[in-house]
Number of protein chains: 2
Amino acid sequence: MDSAADGSGYQAWSEVTPDAARRLLVAAVEAFAERGYHATTTRDIAGRAGMSPAALYIHYKTKEELLHRISRIGHDKALEILETAAAGPGTAAERLDAAVRSFVGWHAAHHTTARVVQYELDALAPEHRGEIVALRRESDAAVRRIIAEGVGAGEFDVPDVPGTTLAVLSLCIDVARWFSTAGHRTPDEVGALYADLVLRMVGARPAAVPVVQK
Amino acid sequence: MDSAADGSGYQAWSEVTPDAARRLLVAAVEAFAERGYHATTTRDIAGRAGMSPAALYIHYKTKEELLHRISRIGHDKALEILETAAAGPGTAAERLDAAVRSFVGWHAAHHTTARVVQYELDALAPEHRGEIVALRRESDAAVRRIIAEGVGAGEFDVPDVPGTTLAVLSLCIDVARWFSTAGHRTPDEVGALYADLVLRMVGARPAAVPVVQK
């Protein structure tokens, strides 16, 4: 696993306090990614964080509470990225380009966290799963809004807006599965490639394809 | 989990004999999908198949041997689908359309198996992992060949053939993550949508977009 090399490390969880709660969360992401949620014990997580199981329980009552916290932070970040792009300035093509670049960049840079967030949904308690599914619907709506606005403005040609939205999000999310820091492409390079492919998927008129300054 | 409702059931593993070995393989797919490879014991798998642990060891020496068998059969099938499409008749657009439809169809219909095959690669023993990675490279080569031939024939406009190949396979593979038999779309409908999106990704000239008879 290359979680230490990705952005799942310490800085990415700056909103989690105190320090011990943050260390436990980082340890949980690594353990869940390596062995899966069900094969990981709270003892494993505490040990990785250099703490006792009793110290873990001060911060998290259950293993599921750790997964829920990780999933919530990951989904909040994904939604924030997509809503910022959707509400931004520019044409629909420019906003879709920005959404894809930043969403892909996040899934590449934080691929270990993203895998846990994406593959362990079934392990959440029902009430937490419902909350996360609602966040996913909002992310879907943000992308669908950009695409629908592009169609309305005559910039895009999309016969199936919900299906194309699903495919665009799926393409970006799957970056977390295959991306490796040992690979040939940087997160920014994958973002640029994918933005071009997504603009082709929506049939963006060539004149509407933006040149994005870095 | 909806493994009983997907194509991971009994018929999909007809090449596995005798009957007891096949029942154990189906039980292993279900257990790995539900709880993850590392949280599943050979005792769990034997129990699901209605057999004793001792009976399991007659057919499989280790849990890893079961995962390897599942992964090998899944990857062989994926490669067969893609190579058949690549070697088929018709234009590059027609062959790419056929490849995407059948590859997506497999990942939708067999989503439980496909999830195990895609998400548990790290759990394979090194020599088995090497064998599977080689099969994945061949699948990648089959799709890359179609795209490169389309570019050569002037049918496609693709600035980055390896990157576009990666994205096409990734888009299709991720169907296994989100597809649900409780959802609104059939595997064939997803295949048709995705074939259209992929032809857009490669910039297929409108005249080259085929009408595929079912």
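Assuming charge only on the beta carbon of Lys and Arg (+1) and of Asp and Glu (-1), the dipole of the range B:149-207 about its Cα centre is about 160 debye to the nearest 20.
Taking B:Glu127, B:Glu30, B:Glu64 in turn, the Gaussian network model of chain B (Cα-Cα springs below 10 Å) assigns the largest fluctuation to B:Glu127. Counted by Cβ distance under 12 Å from B:Arg137, the other residues give a net charge of -1, where Lys and Arg count +1 and Asp and Glu count -1. Using Cα atoms only, what is the angle between the long axis of helix A:126-152 and the major principal axis of chain A, expressed in degrees (0 to 90) to the nearest 10? Between the helix axis and the principal axis of chain A, the angle is about 20 degrees. At 7 Å along the Cα-to-beta-carbon direction for both A:Ala153 and B:Ala141, put a label point, then send me their distance in nm to one decimal. Going by the 7 Å Cα→Cβ label model, 4.5 nm. Comparing the full protein assembly with the isolated chain, the residues of the range A:21-56 losing at least 10 square angstrom of accessible surface (1.4 Å probe) are A:Glu34, A:Arg35, A:His38, A:Ala39. Distances between equivalent label points of B:Gly47 across the copies, with each point positioned 7 Å along Cα→Cβ, amount to 2.3 nm, shortest listed first.
For the charge dipole of the range B:26-89, defined by +1 on Lys and Arg C-beta atoms and -1 on Asp and Glu C-beta atoms about the Cα centroid, which residue among B:Ala87, B:Ile58, B:Phe32 has the Cα displaced farthest towards the positive pole? Projecting each Cα onto the dipole axis, the largest value belongs to B:Ile58.
Going toward the positive end of the dipole of the range B:64-208, with +1 on Lys and Arg Cβ and -1 on Asp and Glu Cβ, which of B:Gly74, B:Ala109, B:Ile132 do you reach last? Checking the options against the dipole of the range B:64-208, the answer is B:Ala109.
Sorted shortest first, the distances from the A:Ser14 label point to those of the same residue in the other copies are 5.9 nm; each point sits 7 Å from Cα along Cα-to-Cβ. Over chain B, Cα pairs under 8 Å with separation of 6+ residues give a relative contact order of 25 percent.
Across the protein assembly as shown, how many lysine pairs, 8 or more positions apart or on different chains, have C-alpha atoms separated by under 28 Å? Please give the number.
Numbers: A:Lys61/A:Lys77; A:Lys63/A:Lys77; A:Lys63/B:Lys63; A:Lys77/A:Lys214; B:Lys61/B:Lys77; B:Lys63/B:Lys77; B:Lys77/B:Lys214.
Final tally of qualifying lysine pairs is 7.
Accessible surface for the range A:77-214, divided over its residues, is 41 Å² per residue with a 1.4 Å probe. In this structure A:Phe32 has an accessible area near 10 Å², from a 1.4 Å probe over the protein heavy atoms. Here the gap between B:Thr181 and B:Arg72, fully extended at 0.36 nm per residue and compared with their Cα-Cα distance, gives a gain of 36.8 nm. Centre-to-centre separation between the Cα atoms of the range A:27-67 and those of the range B:21-42: 24 Å.
Can you compute the charge dipole magnitude of the range B:1-117 about its Cα centre, using +1 on each Lys and Arg Cβ and -1 on each Asp and Glu Cβ, nothing else charged? Give it in debye, rounded to the nearest 20.
Numbers: 13 positive and 14 negative charges, 73 e Å.
Here the size comes out at about 340 debye.
Quick check for me: using +1 on Lys/Arg Cβ and -1 on Asp/Glu Cβ, what's the dipole size of the range A:65-206 about its Cα centre, in debye to the nearest 20? Could you put the intermediate results ahead of the total?
Details: 15 positive and 20 negative charges, 35 e Å.
Magnitude of the dipole: close to 160 debye.
A dipole drawn for the protein assembly as shown from +1 and -1 charges on Cβ atoms has a positive end, and of B:Ser180, B:Thr42, A:Leu199 the residue lying farthest that way is B:Thr42. Evaluate E = 1/(1 + (r/R0)^6) for A:Glu15 and B:Thr17, where r is the Cβ-Cβ distance and R0 equals 60 Å; express this FRET efficiency to the nearest 0.05. After rounding to 0.05, the efficiency reads 0.65. Counting only protein heavy atoms and using a 1.4 Å probe, the accessible area of A:Asp188 comes to about 100 Å².
At what distance in angstrom do the alpha carbon centres of the range B:151-208 and the range B:111-125 lie from each other? Their Cα centres are 22 Å away from one another. With label points defined 7 Å past Cα in the direction of Cβ, position A:Pro162 shows copy-to-copy spacings of 3.9 nm, given to one decimal and shortest first.
The values are calculated or read from the model by the stated rules, or taken from the named source; none is laboratory data. If you're wondering where the values come from, they're calculated on a predicted model, not measured in any experiment. So basically every Cβ, Gly included, is an ideal-geometry build from the backbone, and we count neighbours across all protein chains shown. Please note that ligands, DNA and RNA were not included when accessible areas were found on the heavy atoms of the full protein model with its side chains. Shrake-Rupley method; radii C 1.70, N 1.55, O 1.52, S 1.80 Å.
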